[in-house]
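One structure is given here, and the rest of the page talks about it.
The values are calculated or read from the model by the stated rules, or taken from the named source; none is laboratory data. Keep in mind that this is a model prediction, so the values were computed, not measured. Backbone-built Cβ (ideal geometry, glycine too); neighbour counts: all protein chains shown.
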Amino acid sequence: MHLIYEKGRVRLYYMPTDKFKTETLSVTFCAPLTQEKAYGNALIPMVLNRGSKTYPTTGAVTKHLMGLYGASFGVDVDKRGEIQLLQFQSDYIAPAYAQNCPDIGRQMGEFLVDIITNPVVSDAGGFDPAYFRQERSNTDQFIRSEINDKQSYAMRRCIETMCKEEPFGISELGSLGDGDGLTPETLYRDYQENFLQKMPVRIFCCAMQEPTALIEQLEAGGVLTSGASVQPLDLGYRAVPKCTLQEVTEYAEVLQGKLNIGFRTNTAPDSLDYPALYVMSTLFGGGPQSKLFMNVREKHSLAYYASSRLERYKGLMYVTSGIDVGNKEQAQRLILAQLEEIQQGHITAAELEGAKATVIHGLRGLSDTQFSLMNYYVGQSFLEKATSVETYIEQIQSVSKEDVIRVAQRVVADTIYFLTSKEGFRHG
């Protein structure tokens, strides 16, 4: 990843590759994650996605993309730590294979800039009312539907409980009711004053050649590079070496209990110890060779699934597991015991090498798709020093048993969340 252009609030990163027959271009707007702004911020790309003055309908957008060899375009909302990401992503055939459209890269750049900066506006001075209503309805429906996936719901509730006093506990989509005071006019005003003027912008291009045409467009247009004051961004990492363990139990009509445990890693996202933490989490619960899988699931049959994952940028680790509701205390003790095993140095050479091999396999897989690679580098762009995938693999290879023990001993349990069946609910 190379930073090839920086002006005002915009950074343009280039990832050279000749591996694919397509190229990708993404534009990400970044904002501090707050309850007040999250819902409205998330709504803006959804409304912009519906069309621009140049391409005012979904049909017009689709027709234009079909004329560009079936290029694709979409939007997404995500977060890294306590930074909300509003993403516009496109994928198109590489110019070398577009014989009748050698400037396809330039045209995709023009299209993205147009979609982002030239929205359909009503006579009242707001976003198109129909688009606004439809996207509000879609967003609310999606938020409501999250409870239908009990595994994801339990994870979200664990995070909300664990970080209830911190911005990370806020969903990147906001909450139901947060948009009740919004109108097409107020959202459009926020788009003009905040989105287009204050949010830092990360642009990523994965292509065979540097996107010089895009740089020219940024210089000529000036809309994305303008802005007098840029919002500061903070990933929100906190060191919490001592926690008062909190336990929360909630009830729903579930066939399987969801036991989630949240930990504070006390390892900063840009720490030299982070590769060791990644290996430690993988050894703990990162696959079929992990201690959680081998002991909690296989040996003691206390879980249908049990795994761990990291939230690098906030400094958290989560365990998710599905259990019989009557096995909560046993499963909880055994899960925590697996972390203690690592903290006490009970790690075999085979376990360590297996965890490292799993991590390296996953890192090498990032280069299989351009969007996976871009997703990795989006996160890296918020660190003081970005690390290439190749360098990261080298760092993983050099992780020792002592490194794993050291980072494991800093990990502390913060929150235990249990989603269990309602009283009187009958299985089957």
If you scan the stretch 166-222, which residues turn out to be in a loop (DSSP other than H, G, I, E, B), surrounded by fewer than 22 Cβ atoms within 10 Å (Cβ to Cβ) and of a type in the set (Asp, Glu)?
GLU166, GLU172, ASP180, GLU210
Checking TYR377, TYR313, TYR392 in turn, the sole residue that is among the hydroxyl-bearing types (Ser, Thr, Tyr) and either closer than 22 Å to ILE159 by Cα or free of Cβ contacts under 8 Å to residues at least 40 places away in the same chain (or both) turns out to be TYR313
What pairs can you find where one residue is in the stretch 241-254 and of a type in the set (Asp, Glu), the other is surrounded by 14 or more Cβ atoms within 10 Å (Cβ to Cβ) and not in a loop (DSSP other than H, G, I, E, B), and their Cβ atoms are less than 6 Å apart, with a gap of 6+ or different chains?
GLU247/ILE416; GLU250/LEU419
Residues located in the stretch 5-45, provided they are hydrophobic (A, V, I, L, M, F, W, C) and over 20 Å from GLU216 (Cβ atoms)
PHE20, PHE29, CYS30, ALA31, LEU33, ALA38, ALA42, LEU43, ILE44
Look at LEU352 and say whether it is in contact with a His (Cβ under 9 Å, 6 or more places away or on another chain), modelled with pLDDT of 95 or more and buried (at least 17 other Cβ atoms within 10 Å of the Cβ).
no
Looking at (1) assigned to a helix (DSSP H, G or I); (2) more than 23 Å from the chain's Cα centre (by Cα); (3) over 18 Å from ALA38 (Cβ atoms), which one does CYS158 not meet, given that it meets all the others?
(2)
Mind listing just one residue for me: the one in the stretch 273-296 that is touching a residue at least 12 places away in the same chain (Cβ under 8 Å) and assigned to a loop (DSSP other than H, G, I, E, B) and, of those, farthest from SER321 (Cα to Cα)?
ASP273
Among all residue pairs at least 6 apart or on different chains, which show Cβ distances below 6 Å where the first residue, located in the stretch 18-44, is modelled with pLDDT under 95 and the second is surrounded by fewer than 17 Cβ atoms within 10 Å (Cβ to Cβ)?
ASP18/MET208; LYS21/TYR97
Output the number of the condition that SER72 fails; it satisfies all remaining conditions of (1) over 27 Å from GLU185 (Cβ atoms); (2) surrounded by fewer than 16 Cβ atoms within 10 Å (Cβ to Cβ); (3) more than 24 Å from the chain's Cα centre (by Cα).
(3)
Checklist (1) buried (at least 20 other Cβ atoms within 10 Å of the Cβ); (2) under 21 Å from the mean Cα position of the chain (by Cα) applied to GLU23, failing item
(2)
If the requirement is being acidic (Asp, Glu), under 30 Å from ASP18 (Cα atoms) and out of contact with any helix residue (DSSP H, G or I) (no Cβ under 7 Å at 6 or more places or on another chain), which of these qualifies: ASP324, ASP270?
ASP270
Exclusive hit being under 23 Å from LYS19 (Cα atoms) and either at pLDDT 95 or above or in the same structural domain as TYR278 (by TED's automatic domain parsing) (or both), set VAL411, VAL399, VAL378:
VAL378
Mind checking which strands (runs of 3 or more DSSP E) fall wholly inside the stretch 1-110 and carry at least 3 residues that are in the same structural domain as GLU216 (by TED's automatic domain parsing), out of contact with any Lys or Arg (no Cβ under 7 Å at 6 or more places or on another chain) and within 18 Å of GLU135 (Cα to Cα)?
72-80, 83-93
Condition check: in the same structural domain as SER308 (by TED's automatic domain parsing) and among the aromatic types (Phe, Trp, Tyr). Does TYR251 satisfy that?
yes
Within the stretch 119-155, residues farther than 14 Å from TYR188 by Cβ, acidic (Asp, Glu) and part of a helix (DSSP H, G or I) come out as ASP140, GLU146
When you go through TYR39, TYR14 one by one, which is the residue that is farther than 16 Å from LEU233 by Cα, buried (at least 22 other Cβ atoms within 10 Å of the Cβ) and not small (Gly, Ala, Ser)?
TYR39
